[in-house]
Structures are given as structure tokens and as C-alpha cells.
Amino acid sequence: ITADSSATATVWDLADRAAPDLRSLLVEKNDPLASVAFRPDGRSALTVSQHGKASFWNVADPAHPVRGTVMPVPPAWALTAAISPDLRTVAAFGVGPEVTLTDVTDPARPATLATINQDTEYTEAMAFSPDARTLATVVDRNKMRLWDLAVPGRPILRASFTGDDMVQSLVFSPDGRTLAVGNTPRNVTLWDVANRAAPVRLATLVGHTKSVISVAFSPDGHTLVSGSNDDSAILWDLTDRTQPHRLTTLTGTAWPVESLAFSPDGRTLVTGTHANAAILWDLADRAAPTRLATVTNPGTGTDTVVFSPDGHTVAMAGRLWDYSELNTLRADPSRYACAITGRGLTTGEWASYIPELPYRRACTD
């Protein structure tokens, strides 16, 4: 799922890798989206708008999403929002010093669990841990706080620590033991947060030439990708988190990379920009990813990217794309080309239709 200021979520069919078809829209009319997430079963999604409204959507049939109850989620204007992995809690920050936690388990009766006084009017980013028991928040641009949410309605501050100037993005590793933080000084810092009360800086990843505005872990936690205002994304090997190293740099977006997501099997990466486009990358060889397709979102940006748990759908800017045939293409691109044309492709046709892959004879004429 992708969300952005367009106030629209859309469903697309990626059966044709080169020309995806629009499938459906998740629309928040005149109400920009702040966050989107799938329920663990992949059959429903939750959208949170900047005007303080949350909606569950039945997306069992991505071509015909059905909107459920619209819930009020304070504050009335959400500048930043995060959804817990179990879709039970929404954390939202508006104008003022407080982050509000709302229980949305029962759409008919959303309940405010607690308000967290940040003592600041600036919270650029927030992130839930995988078990939803910890919320990380950014305070005063370069300070981070870890809040214990084990007891609903009673958040406890476990740690407050200072990173590099202007933290713009942060994410927990799948095991919840590491926090990756993207900073304005062109780097990513890794923090060991296994002991929530005493975070320890593990390493600093240097490679971008401008601020890092998005970060994401692979499902196995061994790879990190960072997106930057330098119009690139970098893949990092975190097999040893104390000695990470760069695998490769992904270029060609021509715009800052504002959103990132790995597919559940870790084989696909999506890089999204605010310039109406996202790129799908094959990660069979993480040192040399293959560009699979470019997906455009006319009139919108791609500020948030989320894959469904079953791996068949990716949401971008509130648009849902079906990419279930992607593995077929990757496994045998020549057979795919033959099925489309009924004959083999010439080298010129291959270069035009499948420029990302080396030429192979498609079928026997």
C-alpha cells in the first residue's frame, strides 16, 4: 500500500510488468493520507488520514475494496502517524506537544489509550517495534525516545538518547533489537536497543551525499536499505551489525527516495519518490539488483510503500498493485516474452521491452 498527500489509495494489476493496470482506489476524499498498513492476514487494510480519521478496508478482492467504519482518531490534524503491526493501535502527532495513542480494535468504539507529552512541537518520525510493545519517537530533531507500551494506557519512558542532527526516519529491525535512524548529515546510525533502557550506538553507515529520509529492513534483518535526497538508495549488508558494509547503490529515480519496502520473501524491493513513480527491483543478487519495472502514480507522490503479508499486493500512495506474476517473469523471462509475442524477440525488441535484463532467445521460431 502507498499513501501520500493525494488523499487516495489505488489498486493496480501488475500482470503486465511493463504497463501495470489500475485495479481500484482507497479514497479519503479531500483528506490526505498519513499512514497505511495491512492486517497480518492481508485481507484488510487500515488507512489513517491527516484529518484525524481512520478507516478499515476489506481488500480480500483488491479490485473491489470495501470501506468499513470511519473512526475519529485524534488529533484533528495529524502531521505524523504510525500504525502498530497488529493494527490495534494508532499513534498520531499533530500541532502541539502530544502524541495520542488510540485503540482501534473495535471500529465502532475507538478509544483513546493515552497521550504522551513530548515537551516539543516537533515529531518528525515514529515507529512501533515488531511486537507493538515499544514506540520510538523523535524529539527536537535529534533526540529519540523509547516508550514502553506493554500496559495499554500507561506508556512508560524507557530511554531518551541523542543522535545526529535532524533525524528524519527510523525503523526497528524484524527482531526488534536494532533501531536504524536516517539523518540529515547524510548517514544512517544503528542502535542496539535490546535493552530498551540503555540504547548503544552500533555503527554509522556513510555513503549518501544528502540527508537520509527513508530506511527499511529486509524480512530476515540481514539487509538495510536507505533512501536519500541525493536521488539514490543504498543496500547495506548487516550480517554483522557492528561492521556493516555497502552492497550497492540504486540510482535512476531522478527524485529523492521517500519510501522503501521489501516484499515478505525479501526478493523484491520498491523505492518510491514524491515524483509520481516507484521502481520495483529484483534482489536475487543483492550486490547487483535488477530493475524490474517502473510504476507511475499520475498526480500523486509515493510517500509510503507497504507490501501485503501474502506478497501479492503492494500499496503505494494509497494505490494497490497486484504483482503476483512477478515471480513467473523472474523465473523465466524468455518464456514470458514468447507467450506475449508468439515468437522470439529480436535484440531491438528485447532492448525496448525488457531493457533491465540481458538478451536471451525467447522461444524457438
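The values are calculated or read from the model by the stated rules, or taken from the named source; none is laboratory data. Computed from a predicted structure; not experimentally measured. As a convention, Cβ positions derive from the backbone with ideal geometry for all residues, glycine included, and neighbour counts pool all protein chains shown. We work out accessible area using only protein heavy atoms, side chains counted, and drop any ligands, DNA or RNA first. Shrake-Rupley method; radii C 1.70, N 1.55, O 1.52, S 1.80 Å.
Observations, loosely collected:
- With the highest mean first, a sort of the peptides 106-117, 208-219 on other beta-carbon atoms found within 10 angstrom per residue produces 208-219, 106-117.
- Surface accessible to a 1.4 Å probe, Arg246 within the full protein complex, Å²: 110
- From most to least packed by mean Cβ count within 10 Å, the peptides 179-186, 198-205 give 179-186, 198-205.
- For segment 169-179, putting each phi into the Karplus relation 6.51 cos²θ - 1.76 cosθ + 1.60 with θ = phi - 60° gives couplings of 7, 7, 7, 7, 6, x, 8, x, 8, 10, 10 Hz, in residue order, rounded to whole numbers and with x for Gly and Pro.
- Under-5 Å amide H pairs with Gln168, H placed in peptide plane, nonlocal only: Gly182, Asn183, Thr184
- Taking all protein chains together and a 1.4 Å probe, the residues Tyr323, Tyr122, Tyr359 rank Tyr359, Tyr122, Tyr323 from largest to smallest accessible area.
- Accessible area of Leu235 (1.4 Å probe, protein heavy atoms only, ligands and nucleic acids ignored): about 0 Å².
- Length-normalised contact order of segment 43-115 in % [C-alpha pairs under 8 Å, at least 6 apart]: 22
- Here the extension length gained between Asp86 and Asp285 equals 68.5 nm, from 0.36 nm per residue of separation less the Cα-Cα distance.
- The residues of segment 105-263 have, on average, 42 Å² of accessible surface per residue, using a 1.4 Å probe with all protein chains present.
- Its relative contact order, with pairs defined as Cα atoms under 8 Å and 6+ residues apart, puts segment 148-288 at 15 percent.
- In order along segment 234-239, phi translates into HN-Hα couplings of 10, 9, 10, 8, 10, 3 Hz, rounded to whole numbers, per the Karplus curve 6.51 cos²θ - 1.76 cosθ + 1.60 with θ = phi - 60° and x for Gly and Pro.
- Near the amide H of Gln50, within less than 5 Å, lie the amide hydrogens of Leu33, Ala34, all on another chain or at least 5 residues away, with H placed in the peptide plane.
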